[in-house]
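Worksheet for the structure shown next.
The values are calculated or read from the model by the stated rules, or taken from the named source; none is laboratory data. This is a predicted model, so every value here is computed, not measured. Heads up, the Cβs are rebuilt from the backbone with ideal geometry, glycines too, and the neighbour counts pull from every protein chain shown.
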Amino acid sequence: MATPVRTDETARTTAPSPPFSTTVHVGFRVNDEDVELDLDPRESLLDVLRERLELTGTKKGCDHGHCGACTVHVDGRRVVSCLTPAVQAQGTAVTTIEGVAGPGGELHPVQQAFVDHDALQCGYCTPGQVMSGIACIDEGHAGDDAQAREYLSGNLCRCGAYPGIVAAVRAVADRSEG
Amino acid sequence: MRPFAYAAPASVPEALDALVAAGPDARFLAGGTTLYDLMKLGVEAPPAVVDVHRLPELAVVDTAGPDELVFGAGARMADVAEDPVLLRDYPMLAESLAKAASQQLRTMATVGGNLLQRTRCSYFRGGAPFACNKREPGSGCSALEGIDRAHAVLGTSDSCIATYAGDWAVALIALDAVVDVLGPDGARTVALADLHHEPGSHPERETTLAAGELILRIRVPTTRTARGSTYHKIRDRESYAFALASAATAVALDADGVVTDARIALGGVATRPWRAAAAERTLVGAPLTVDTARRAGEAALAGARPGRHNGFKIELAVRTVTDALRIAGERAVQ
């Protein structure tokens, strides 16, 4: 049986007993590259991506899971990286906006559709919108406009580019079905 | 965020041992969408966290059995929302999950953790300078004198009027679900109806779980009544918002359209998942019409106590129940 982790301030600054630790060695893949890091368990995946791995395409909006600007894929599924403790990425494959372009640097079809359908104005929410849109299509949740709107509701756009965003995601979904 | 120690044990027994070893203020971490968020705000500050989000024992879902549906506590909301048996035979369960949060959060959050999301309001989340008996027992309640438009009208007390924000538990309580829990004193089964407290004079105590107890699974007795069911959720915006009022309803009808079984539970208006048993009784033996549905809605809200800005919720909830019963009736097997 491990020694109790005490709740006073001393306990917070002294080394805890196994299996607990305050520095956690974590390994995962980001955009097809292996990453190993020693993490403070407080660090969010969002902060690790931006501040440690210098992948600043993923944006910090609200930092509380309300806005979707920080959406990335973990093992192919969309999550908000601001509410993902980075230690939970252990053993997973993370994809960010930097990892979706083709091998020759050509835009992902959803990125191209955002250009074609004028689906952005300031662009701050766009990386999250694109990551959410790609997952929405993969999940099969972009079958019609109403369903796409419902399943993209976790991504806010202060510029109000929603009609273009829905049109872009729907256009790619229709092409993938055909 | 306050520093904390982290452990990710490989099994349920190891997780329980770790939590006990870490002391009474340690917390289990699953999807993190509530706990980690509140830790960022400093409202929660556990000294140690035991991560259970990927324990394989907690991931099992079995909806094929003849007697009960079984949902491992660690199953993801997004996955359970698309279970084909739920979509066909238990639309109220599937809809309660699909209408909760956003797809990103549903992909992260677990069906067990969702039951335990904090009953909370903006004054709780806001921290100082707001008084909150839940955050700091005995400090008062800023909501009672403040903006209470989102707050509860059922099950409130002079200490707390925060709304239980979950949807899934509301649908589950209507179907007599139970949870299996394991803790330092062994295993036990708790009816969902007995899992949450009303705030009373101790709003900081939200559930009847003892320190160190972990929900392993949720079980729902199978019922044909749930084929005629819905989770009807009325919000300020069409998607990704808390309920202003919601109703989980299910009805079974005989060949003449007379109600033989009725289930009604409310969300968005109460301090805990709220089963409206008296309202159910008004329906059984009666034909399902707009009038009988409305009467059931009024019975469900009979004890409601409005605050300063949330009086509209009472009529809204009556109409939500009425509408939800109509939808359930259209789906019911006769």
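The table below lists the values:
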{"read-out": "First in the stretch A:58-73 and more than 9 Å from chain B (Cβ to nearest Cβ) and touching a residue at least 12 places away in the same chain (Cβ under 8 Å), second anywhere and of a type in the set (A, V, I, L, M) and surrounded by fewer than 22 Cβ atoms within 10 Å (Cβ to Cβ), Cβ under 7 Å, 6 or more apart", "value": "A:Cys67/A:Leu156"}
{"read-out": "Looking only at the stretch B:308-334, and only at residues there that are touching a helix residue (DSSP H, G or I) at 6+ places or on another chain (Cβ under 9 Å) and part of a loop (DSSP other than H, G, I, E, B), the one that is surrounded by the most Cβ atoms within 10 Å (Cβ to Cβ)", "value": "B:Ala332"}
{"read-out": "Condition check for A:Gly91: within 14 Å of another protein chain (Cβ to nearest Cβ), surrounded by fewer than 18 Cβ atoms within 10 Å (Cβ to Cβ), modelled with pLDDT of 95 or more and under 17 Å from the mean Cα position of the chain (by Cα)", "value": "yes"}
{"read-out": "Residue in the stretch A:164-174 that is within 13 Å of chain B (Cβ to nearest Cβ) and either in contact with a His (Cβ under 8 Å, 6 or more places away or on another chain) or not small (Gly, Ala, Ser) (or both) present", "value": "yes"}
{"read-out": "Counted residues, the stretch B:3-19 - those being at the interface with another protein chain (Cβ under 8 Å from one of its Cβ atoms) and either surrounded by fewer than 22 Cβ atoms within 10 Å (Cβ to Cβ) or outside any loop (DSSP other than H, G, I, E, B) (or both)", "value": "8"}
{"read-out": "Qualifying positions in the stretch B:27-39 - within 7 Å of chain A (Cβ to nearest Cβ) and either on the phi < 0 side of the Ramachandran plot or assigned to a helix (DSSP H, G or I) (or both)", "value": "B:Thr33, B:Tyr36, B:Asp37"}
{"read-out": "Test result for A:Leu49, in contact (Cβ under 8 Å) with a residue 40 or more places away in the chain, farther than 24 Å from B:Val49 by Cα and under 12 Å from the mean Cα position of the chain (by Cα)", "value": "no"}
{"read-out": "Search result, residues across the stretch A:44-71 that are in a loop (DSSP other than H, G, I, E, B) and crowded, with 23+ Cβ neighbours inside 10 Å", "value": "A:Thr58, A:Gly65, A:Cys67, A:Gly68, A:Ala69, A:Cys70"}
{"read-out": "Selection within the stretch B:95-113 - away from chain A (no Cβ under 14 Å) and within 21 Å of B:Ala241 (Cβ to Cβ)", "value": "B:Ser96, B:Val111"}
{"read-out": "Matching residues in the stretch A:1-36 - criterion: being surrounded by fewer than 16 Cβ atoms within 10 Å (Cβ to Cβ), at pLDDT 95 or above and either assigned to a loop (DSSP other than H, G, I, E, B) or of a type in the set (Gly, Ala, Ser) (or both)", "value": "A:Thr23, A:Gly27, A:Asp32"}
{"read-out": "Filter pass, B:Leu253 being more than 24 Å from B:Ser102 (Cβ to Cβ), over 23 Å from the mean Cα position of the chain (by Cα), touching a residue at least 24 places away in the same chain (Cβ under 8 Å) and surrounded by fewer than 23 Cβ atoms within 10 Å (Cβ to Cβ)", "value": "yes"}
{"read-out": "Verdict on B:His202 being within 28 Å of B:Leu244 (Cβ to Cβ) and surrounded by 17 or more Cβ atoms within 10 Å (Cβ to Cβ)", "value": "no"}
